[in-house]
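> Take a look at the following structure, please.
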Amino acid sequence: MDVSRASWVNTTHDWSGLVDAGHLAHIRQNPAEFAPDGPWHLVLEVLAYAADEASGKGSGSCVVVLHPDGSLSVRDDGRGTDTRVDEHGQVVKKPVMATKDLRFFDFPQAEALPDGHPRRGMSVVAALSEWLAHTNRRLNGAWTQRYERGVPVTGLEPVEADGTTGTLVHFRPDASLGSVTVPPPGDLARLATLWPCLEVRIDDRRAD
């Protein structure tokens, strides 16, 4: 039986609002604060969620792809973003892209990413990207949604299940952030130190 959306408990994000335009605008107006290392910081924001999933189940893996068109993608093998059916039969995805992460955004001291800067949440990635596609595979279905500068421009569109679960976040950072630079091996090693349950592989296709 479908459950009233009003009864859903807010843990990481507020289910009552799917888009916080003021929040997204604030991020876009302050790129130096929210992406201090440029596009790679956005990658770390996405990886932090994959690390959460991996920690929850004891292990996990993800692949970071640097595409020739300047976009980046992060694919993990977690449970997929929480997606539910409300009392009206509407499929609702937790608004991770377009609203603030209640754990981190207003509390920069809460957690640091491997680059030493505060973790703020996935909305930073969406707001500071020209476009972002979020494909989400769960046991109860699979969907994709596209955003432009953090604002959804499509609905939650079903995609064919392939027997897997996990999340694919594909985005092109705003050109003002510069080009992505992969950190040296020593810096990448810090990922394993901070997120020991998550195996990260880098696939640089820019020379293809």
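The values are calculated or read from the model by the stated rules, or taken from the named source; none is laboratory data. Everything quoted here is computed from the prediction, not taken from an experiment. Here the Cβ is made from the backbone with ideal geometry for all residues, glycine too, and neighbour counts use every protein chain on show. Note: areas computed on protein heavy atoms with side chains; ligands, DNA, RNA excluded. Shrake-Rupley method; radii C 1.70, N 1.55, O 1.52, S 1.80 Å.
> Considering only segment 179-193, how many residues are open to solvent by less than 80 Å² (accessible area, probe 1.4 Å) and either touching a residue at least 24 places away in the same chain (Cβ under 8 Å) or under 21 Å from residue 33 (Cα atoms) (or both)?
Selection size over segment 179-193: 5.
> Here's a check for you: in segment 150-196, which residue that is among the polar types (S, T, N, Q) and part of a loop (DSSP other than H, G, I, E, B) is nearest to residue 53 (Cα to Cα)?
Per the stated criteria, the residue is 165.
> Inside segment 91-141, can you point out the residues that are at pLDDT 95 or above, hydrophobic (A, V, I, L, M, F, W, C), farther than 14 Å from residue 44 by Cβ and not in a strand (DSSP E or B)?
Matches in segment 91-141: 96, 97, 98, 102, 105, 107, 110, 126, 127.
> Would you pick out the residues in segment 150-178 that are acidic (Asp, Glu) and open to solvent by less than 40 Å² (accessible area, probe 1.4 Å)?
If the condition is that a residue be acidic (Asp, Glu) and open to solvent by less than 40 Å² (accessible area, probe 1.4 Å), then 174 is the only one that fits.
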